[in-house]
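The values are calculated or read from the model by the stated rules, or taken from the named source; none is laboratory data. This structure is a prediction, so every number in the text was calculated from the model and none was measured. Cβ atoms come from the backbone with ideal geometry, glycine included; neighbour counts cover every protein chain shown.
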Amino acid sequence: MDSSRKPTPPRAGMSPKSAMELTGTGYGRSMAHSFTLIGVPIDSAGTAGGTELAPAALRDLGLGAIADSDRGDLQVRIRAGGRDPITGVVGLDDVCATTMGIRSAVSDTLSRGEVPFLIGGCCAMVPGALAGVRDSGGRASLVHLDGHLDLYDEVSSPLGEAADMPVTIALGRGPARWIDAAGGPSVQSSDTWIIGYRDREQSELDGSLMPEDLNPPVNTLSTEEVRRLGAAQTGQRAARALESPAPWMWVHLDLDIVDPTLFFANDAPVLDGLDWEQVTDLLRPLCSSPALAGFSLGCYNPEKDREEHNGHRIVEMFRAALSP
């Protein structure tokens, strides 16, 4: 990386937007060219394979071209023979260790003035990522782009997988051990946007926490609402809403936001999703926001993409979303 382009690392408590104003380099849009990749090879099903293969597969397909540096993979895995007898969470010890590892890596990357880009893996990454932002001295916000609400807890989750409950944990609900591993809550409900979900009815039937159960409620926009507003306008609306109250914005993209007829390499398909172009349009204003602190990507299972069609499409999507 050309050192003349590298921004001054933000001081503790300084937002990306403030760092941009201080350095004149743009700690938001131009930092899209200064991502630091960090692989998080986990699959919350607790078995080998699946989404834990995604970091290596996506690097091989060229995702590393969006970044200036690559820290390699964190030494994390989730392994379990079933649900924890006390909490009901699959592989809770490994989930907590993963959260602490991500928390440390994100905080360290931000302290260097770089933007972490986590390649998962599954969305169990999110609590650790937000905790790392909080530890860096910023008030974190979350834009959670996902086909699911992800507001289950250890009781309501049908399978007990950590990927069912990342937003719940970040809000300080759910298994105490996992919340403790994240250092407590890392985001407020008013600073949380869940966009692109399509599982509300099933979540209600399962007894999941609902967005309106929080006070204030979590901000939500379903897939239908995204289509009505327009994908680009949706991204702009979320970015504008979060830049002022919570200057550190974390964006998580769970690829099951894409319709399963287009993105078939996932383990939790929900019908009637967005198409690739709509997700690209949704990403552009979020990735260009001066508040962007980091990004995480999850839900790609290379074992279901033997001809790599979905993998190539993921890489193409990010190249388009991050292009000037």
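Looking at Val279, Val270, just one residue is in contact with a Pro (Cβ under 8 Å, 6 or more places away or on another chain), of a type outside the set (S, T, N, Q) and touching a residue at least 60 places away in the same chain (Cβ under 8 Å), and that residue is Val270. Tallying residues that are under 21 Å from Ala238 (Cα atoms) and buried (at least 24 other Cβ atoms within 10 Å of the Cβ) within the range 172-190 yields 2. Of all residues assigned to the range 284-295, none qualifies as being surrounded by fewer than 19 Cβ atoms within 10 Å (Cβ to Cβ) and either of a type in the set (Val, Ile, Thr) or touching a Lys or Arg at 6+ places or on another chain (Cβ under 8 Å) (or both).
Would you say Glu303 is surrounded by fewer than 23 Cβ atoms within 10 Å (Cβ to Cβ), part of a helix (DSSP H, G or I) and either aliphatic (A, V, I, L, M) or modelled with pLDDT of 95 or more (or both)? Answer is yes for this residue. All told, Glu303 falls short of being without any contact (Cβ under 8 Å) to a residue 12 or more places away in the chain and under 30 Å from Pro175 (Cβ atoms). Taking the listed residues Arg5, Arg11, Arg77, Arg29, the one that is modelled with pLDDT under 95, more than 24 Å from Ala321 (Cα to Cα) and surrounded by fewer than 19 Cβ atoms within 10 Å (Cβ to Cβ) is Arg11, with no other qualifying. Scan the range 161-168 and give yes if some residue there is of a type in the set (Gly, Ala, Ser), surrounded by fewer than 24 Cβ atoms within 10 Å (Cβ to Cβ) and out of contact with any Leu (no Cβ under 7 Å at 6 or more places or on another chain), otherwise no. So far as the range 161-168 goes, no, none of its residues is of a type in the set (Gly, Ala, Ser), surrounded by fewer than 24 Cβ atoms within 10 Å (Cβ to Cβ) and out of contact with any Leu (no Cβ under 7 Å at 6 or more places or on another chain). Summed over the range 42-58, residues that are farther than 21 Å from Gly88 by Cβ, touching a residue at least 40 places away in the same chain (Cβ under 8 Å) and in a loop (DSSP other than H, G, I, E, B) total 1. State all residues of the range 235-262 that are closer than 25 Å to Arg313 by Cβ, out of contact with any Leu (no Cβ under 6 Å at 6 or more places or on another chain) and either hydroxyl-bearing (Ser, Thr, Tyr) or assigned to a helix (DSSP H, G or I) (or both); if no residue qualifies, say none. Hits for the range 235-262 are Gln236, Ala238, Leu255, Asp256, Thr261.
To keep it simple, each residue is scored yes or no on (1) more than 21 Å from Met249 (Cα to Cα); (2) assigned to a loop (DSSP other than H, G, I, E, B); (3) among the polar types (S, T, N, Q).
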position: Ala268; (1), (2), (3): yes, yes, no
position: Leu283; (1), (2), (3): no, no, no
position: Ala293; (1), (2), (3): no, no, no
position: Ser296; (1), (2), (3): no, no, yes
position: Phe318; (1), (2), (3): no, no, no
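Figure legend. Inter-residue proximity from the range 141-155: first residues closer than 12 Å to Val218 by Cα, second residues part of a loop (DSSP other than H, G, I, E, B), beta-carbon distance below 6 Å, spacing 6+ or different chains. Indicated pairs: Ser141/Ala246; Leu142/Val187; Leu151/Ser208; Leu151/Leu209. Might you let me know whether the range 139-149 holds any residue that is buried (at least 18 other Cβ atoms within 10 Å of the Cβ) and more than 24 Å from Arg103 (Cα to Cα)? Yes, some residue in the range 139-149 is buried (at least 18 other Cβ atoms within 10 Å of the Cβ) and more than 24 Å from Arg103 (Cα to Cα). Taken together, the residues in the range 181-217 that are in a helix (DSSP H, G or I) and among the basic types (Lys, Arg) amount to 1.
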